[in-house]
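Peer 1: One structure coming up, written as structure tokens, with questions to follow.
The values are calculated or read from the model by the stated rules, or taken from the named source; none is laboratory data. These numbers come from a predicted model, not from an experiment. Ligands, DNA and RNA are stripped out before the accessible areas are found, and what is left, the full protein with its side chains, is counted by its heavy atoms. Shrake-Rupley method; radii C 1.70, N 1.55, O 1.52, S 1.80 Å.
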Amino acid sequence: GIERACGFHHADGLDEVASTGVTHVVEVTQAETLRYDVTPEDAGLTRGVLAGLAGGEPETNRQITMDILSGVKGVGRDTVLLTAALALRTACAAKDLLEGASRAAEAIEPLLATHERLGGSRAQRDLLEYLVTSALVRAGRAETARSLISTRRPQNGKSGGFPILGSGMSCETA
């Protein structure tokens, strides 16, 4: 079973992490349930405006994804980095959000040559999963990455949290 999981929602009502303000987090382990807030500043990122996250038509969504993969700084990229930072910290693959965001940013660079594989309405979620699993593998946490891939399920068909560590994994033993 899952030993550590993280769920979240944004203060603006989004069902996901966003770099536009406060994200409320509930982290559950077998020992405790933690409730805390994270901000983009906690990860060394810049707070953006909510309108900057608005997608739309497939071409608009594709361009947002291409900008993120091309290193264009902005609210979209910072949201991906903050989400990945939270996942990496929860998975004990980063000691804090600053390290997590740094690792996530490093993981984006190799994607520049392969970004054309991404697209469609699930692009942001697919990109995030790829970023997190790539960073976990680079950090020597391939088993955790496999666990993430095998157990990740959207809640109610939407984003908003995913289990991080699989059976036998914890921050202390990983």
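Peer 1: Sort Thr46, Thr90 from largest to smallest accessible area, using a 1.4 Å probe on the heavy atoms of the protein chains.
Peer 2: Per-residue accessible area, sorted high to low, gives Thr46, Thr90.
Peer 1: Related question: Mind running the shape call on the stretch 1-58? Use the C-alpha gyration tensor, a ≥ b ≥ c as the square roots of the eigenvalues: rounded below 1.5 for a/c, prolate if a/b tops b/c, oblate otherwise.
Peer 2: prolate
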